[in-house]
Structure formats: structure tokens, C-alpha cells
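Have a look at the structure below, then the notes.
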Amino acid sequence: MCGILGKFGGGAVSQEEAEQYNLYLRHRGPDGSGIYIKGDVFIGHTRLKILDLIDGEQPMTYVYESKKYIFSYNGEIYNYQELKTELLGMGITFRTMSDTEVIFKWLVVKGVNEGIKKLNGIFAFCLYNETDQIVSLARDRFGIKPLYYCLNNATFVFSSELNSLMAFRGIKKTINKVATTQ
């Protein structure tokens, strides 16, 4: 069980603030944490090491066809070896033994809309195209791996848990009573 979280827009996040946000998910990933910050974009990750005990730190970065991508992921993909074999046949190389790197590169090469169709497993992820400033969030079809998000004015935040989502500066902590009664 890992934890993912992030923020897009609404002002820059300091290194200290990002580390504080990550602490809310430390219990989900006590084996390590990572932070990506650029401008008003923050992506965080807490890691529970299962498959690749040495490599596989996140958020991961990958440059493909002159575009830079950032990836943070929670889950397990059962057919990642099959996907890796297909990517190797396309000339894609790997630096780790982690399923994270396979899924990341699979989604970048195939595109999120097509790539996600072949993922067999449980997952929640954030894939950020830094070059084009496009963020994609997704979770498995049954929602086994949680993914909460909130759009509040010009700020978009997401997290594996509601408590860390509510910790983000500038997020309104009110219940929409109309939405809860429908």
C-alpha cells in the first residue's frame, strides 16, 4: 500500500509544505517518500516496498519523444511482465525491476486512454505531462485503490486519503448539502 497526492494550481508549494503533506500518508508507505515540485505543481508519494526493494522510487520521471512525464502510482498490475515484454519489443529500456516503471512507460508510450485498457490489476495513479501541462488521474475499475480529488477555484488536489486531501491549504472544508441529498 503506497500513498499518492498532489496539487495543481493555486500557488507554489514549498519543500517544507510538501514534506508536511506527505506526512499525512506516511502510514501508507513507511519505506520511503518522494516529492516533485515545479511552479504551482506538487506531486508526492509514500512508498511501501514490495516488488523492487532497491529501485522504484517515486515520483518517477521519464522523457519520451522530447516530452517530460512525472508519475506517482499506488497498486499492483498483475500483467506487468507481459506489458514489459511488449515495450522491450518496441525498443523501450528499463532501469529498474519495478512494475511502476513498466506501467509508467506503458501509459506514456500507448497513451493513457489506450494504455489503461490493458492494465490488469488494482491501481490509482497520477501521470503528469510536464511539457504540455496535462495531468491524468485514474484508478482501477472497481475502485480498490482509493483516489480522492477536489477542484476548488483554480486549485486541483488529489490524494489516496481524504484526511490528506483536506490538509491542503486553500481547500474549503464544507459539505455540499445539495449534493449529499441527491
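Summary of values
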read-out: Members of the range 1-22 found to be closer than 14 Å to Ala167 by Cβ and buried (at least 19 other Cβ atoms within 10 Å of the Cβ), listed by number; value: Gly3, Leu5, Gly6, Lys7, Val13, Ala18, Tyr21, Asn22
read-out: Members of the range 72-95 found to be of a type in the set (A, V, I, L, M) and open to solvent by 40 Å² or more (accessible area, probe 1.4 Å), listed by number; value: Leu88, Met90
read-out: Positions within the range 38-49 being at pLDDT 80 or above, on the phi < 0 side of the Ramachandran plot and surrounded by fewer than 17 Cβ atoms within 10 Å (Cβ to Cβ), in sequence order; value: Lys38, Asp40
read-out: Lone unmet requirement of (1) under 14 Å from the mean Cα position of the chain (by Cα); (2) more than 26 Å from Gly10 (Cβ to Cβ) for Gly91; value: (1)
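The values are calculated or read from the model by the stated rules, or taken from the named source; none is laboratory data. None of the values given here were measured: they were computed from a predicted structure. All Cβ positions, glycine included, derive from the backbone under ideal geometry; neighbour counts span all protein chains shown. We work out accessible area using only protein heavy atoms, side chains counted, and drop any ligands, DNA or RNA first. Shrake-Rupley method; radii C 1.70, N 1.55, O 1.52, S 1.80 Å.
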